[in-house]
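Asks: Right, I'll just put the structure down here and ask away after.
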Amino acid sequence: MSTLKIAIQKSGRLNEDSIQILKDCGISINNGIDQLKAEASNFPLEVLYLRNSDIPQYLIDGVVDIAIVGDNLLVEKGKGIQVVQKLGFSKCKVSVAVPKTFEYNSIQDLDGLRIATSYPNTVIEYFNSFGVNVDIHQISGSVEIAPNIGLADAIVDIVSSGSTLFKNNLKEVEIIYKSEAVLAVSPKVTPEVQKLIDTLKFRIESVLRARKSKYILMNVPNDKIDAVGKILPVLRSLTVLPLAQEGWSSVHSVIDKDTFWDVIDQLKDVGAEGILICPIEKMVL
């Protein structure tokens with residue numbers, strides 16, 4: 001039987017979130033401290049812990065079958081690699097930043113200037129699209145310090161909260177790309193391995209649906225059930241159970257957690273009472 005080989009970042013937040021989503025998919029990984037390879041005990045899966053920047057090439061070469069990686073890295077180094085699922089975590093931006101004292105009006109203001117970055121291909125493509133010529137200084141790590149030490153006039157780097165830019169007296173002026181973790185697939189997978197990928201992807205989709213939803217149950221007057229159904233069109237149909245009190249029912253459904261409070265207010269307005277909200281572990285449709 002084939003084994004599915006997956007690459008994840010060997011350290012950092014992306015590593016933690018990647019391991020967590022595999023665990024939420026019911027996959028137990030037998031990994032110890034500083035291991036570079038580990039196997040799952042209950043799924044034909046082998047995990048390779050790799051440097052983030054190396055993962056696209058491992059996918060291209062077929063050394064690994066799939067990877068959990070930031071799609072900003074695929075834009076930079078993995079053109080043509082298929083993304084089969086966006087994962088919704090490790091969100092960030094690839095942005096242009098300049099010193100706070102720089103009087104910035106448009107991208108044309110950077111024409112002829114020096115740009116420090118770890119993403120040279122992304123930078124070249126972006127600035128060329130505006131007809132702007134820049135002098136690229138490719139560096140690894142601590143890109144944000146480049147303007148302060150005179151190495152560059154501006155930078156292109158990953159921005160999450162913006163606190164690192166603030167600490168280095170920089171300001172974000174352009175967003176090149178919004179990124180998040182994705183499940184990417186090697187172009188060299190076999191049909192047998194593809195079946196394993198499809199199985200894993202199905203599990204991940206169930207986990208992601210559950211993360212975005214909450215289970216809701218409430219008491220509703222029978223003449224208001226249709227109104228509640230119009231507010232909660234998440235599943236195929238509401239679950240309606242009669243209560244001991246005549247004229248009332250217990251109504252069960254799923255609610256999108258991003259619109260939670262607005263929906264609760266609407267439900268109260270149509271007469272729902274005793275509203276309970278519960279987490280959902282998995283959601284299979």
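The values are calculated or read from the model by the stated rules, or taken from the named source; none is laboratory data. Just so it is clear, the model here is predicted, and its values are computed rather than measured. Cβ sites come from the backbone with ideal geometry, for glycine too, and all protein chains shown count toward neighbours. Please note that ligands, DNA and RNA were not included when accessible areas were found on the heavy atoms of the full protein model with its side chains. Shrake-Rupley method; radii C 1.70, N 1.55, O 1.52, S 1.80 Å.
Asks: Can you say whether LEU232 is crowded, with 18+ Cβ neighbours inside 10 Å, over 28 Å from ASP262 (Cβ atoms), of a type outside the set (S, T, N, Q) and outside the structural domain of HIS137 (by the TED database), as far as the supplied structure shows?
Replies: Details: crowded, with 18+ Cβ neighbours inside 10 Å: yes; over 28 Å from ASP262 (Cβ atoms): no; of a type outside the set (S, T, N, Q): yes; outside the structural domain of HIS137 (by the TED database): yes.
Spelling it out, it is not the case that LEU232 is crowded, with 18+ Cβ neighbours inside 10 Å, over 28 Å from ASP262 (Cβ atoms), of a type outside the set (S, T, N, Q) and outside the structural domain of HIS137 (by the TED database).
Asks: Looking only at the stretch 155-186, how many residues end up being open to solvent by less than 30 Å² (accessible area, probe 1.4 Å) and touching a Pro at 6+ places or on another chain (Cβ under 7 Å)?
Replies: So the count comes out to 2.
Asks: Right, another one. Can you tell me which residue is nearest to PRO56 (Cα to Cα) among those in the stretch 78-103 that are part of a loop (DSSP other than H, G, I, E, B) and open to solvent by less than 40 Å² (accessible area, probe 1.4 Å)?
Replies: Of the residues in the stretch 78-103, the ones part of a loop (DSSP other than H, G, I, E, B) are 78-81, 87-91, 100-103.
With open to solvent by less than 40 Å² (accessible area, probe 1.4 Å) added as a condition, the list becomes 78, 81, 87, 89.
On the way: GLY78: 5, ILE81: 8, LEU87: 17, PHE89: 19 Å.
Checked the stretch 78-103; the qualifying residue nearest to PRO56 (Cα to Cα) is GLY78.
Asks: Could you say which residue among ILE124, ILE136, ILE158 is β-branched (Val, Ile, Thr) and either in the same structural domain as SER53 (by the TED database) or over 28 Å from the mean Cα position of the chain (by Cα) (or both)? Step through it out loud before you land on a result.
Replies: Working: ILE124 fails: either in the same structural domain as SER53 (by the TED database) or over 28 Å from the mean Cα position of the chain (by Cα) (or both); ILE158 fails: either in the same structural domain as SER53 (by the TED database) or over 28 Å from the mean Cα position of the chain (by Cα) (or both).
None of the others qualify; the one that does is ILE136.
Asks: OK, next. Within the stretch 74-91, count every residue that is within 12 Å of the chain's Cα centre (by Cα) and among the small types (Gly, Ala, Ser).
Replies: 2
Asks: Any idea which residue in the stretch 29-59 is surrounded by the most Cβ atoms within 10 Å (Cβ to Cβ), counting only those that are touching a helix residue (DSSP H, G or I) at 6+ places or on another chain (Cβ under 9 Å) and in a loop (DSSP other than H, G, I, E, B)?
Replies: Among them, the one singled out is PHE43.
Asks: Kindly indicate which of ALA227, ALA244, ALA210 is surrounded by 13 or more Cβ atoms within 10 Å (Cβ to Cβ) and more than 20 Å from LYS268 (Cα to Cα).
Replies: Exactly one residue qualifies, and that residue is ALA210.
Asks: Out of the residues in the stretch 12-28 meeting the condition of being surrounded by fewer than 15 Cβ atoms within 10 Å (Cβ to Cβ) and touching a residue at least 12 places away in the same chain (Cβ under 8 Å), tell me which one is nearest to GLU281 (Cα to Cα).
Replies: Residues of the stretch 12-28 that are surrounded by fewer than 15 Cβ atoms within 10 Å (Cβ to Cβ), as a first pass: 12-13, 16, 20, 23, 26, 28.
Now narrow it down to the ones that are touching a residue at least 12 places away in the same chain (Cβ under 8 Å): 12-13, 26, 28.
Details: GLY12: 25, ARG13: 22, GLY26: 11, SER28: 16 Å.
Out of the qualifying residues, it is GLY26.
Asks: Would you confirm, using the coordinates I've provided, whether LEU36 is at pLDDT 95 or above and over 21 Å from the mean Cα position of the chain (by Cα)? Don't jump to the end; show me each part of the working.
Replies: Working: at pLDDT 95 or above: no; over 21 Å from the mean Cα position of the chain (by Cα): yes.
Answer is no for this residue.
Asks: Follow-up. Can you tell me which condition LYS5 does not meet? The list is (1) out of contact with any Phe, Trp or Tyr (no Cβ under 7 Å at 6 or more places or on another chain); (2) closer than 25 Å to THR122 by Cβ, and all the others hold.
Replies: (2)
Asks: When the stretch 1-28 is examined, which residues are found to be under 20 Å from LYS195 (Cα atoms) and part of a loop (DSSP other than H, G, I, E, B)?
Replies: MET1, SER2, THR3, CYS25, GLY26, ILE27, SER28
Asks: Please list, ordered by first then second residue, the pairs with beta carbon atoms under 7 Å, 6 or more apart or interchain, first in the stretch 115-139 and closer than 11 Å to VAL75 by Cα, second assigned to a helix (DSSP H, G or I) and open to solvent by less than 50 Å² (accessible area, probe 1.4 Å).
Replies: TYR119/GLU76; ASN121/GLU76; THR122/VAL75; THR122/GLU76
Asks: Sticking with this structure for a sec: Hey, which of the helices (runs of 4 or more DSSP H) in the stretch 175-285, taking only ones fully inside, have at least 3 residues that are in contact (Cβ under 8 Å) with a residue 60 or more places away in the chain?
Replies: Details: elements: 191-211, 225-231, 260-269.
Of the helices (runs of 4 or more DSSP H) lying wholly inside the stretch 175-285, those with at least 3 residues that are in contact (Cβ under 8 Å) with a residue 60 or more places away in the chain span 191-211.
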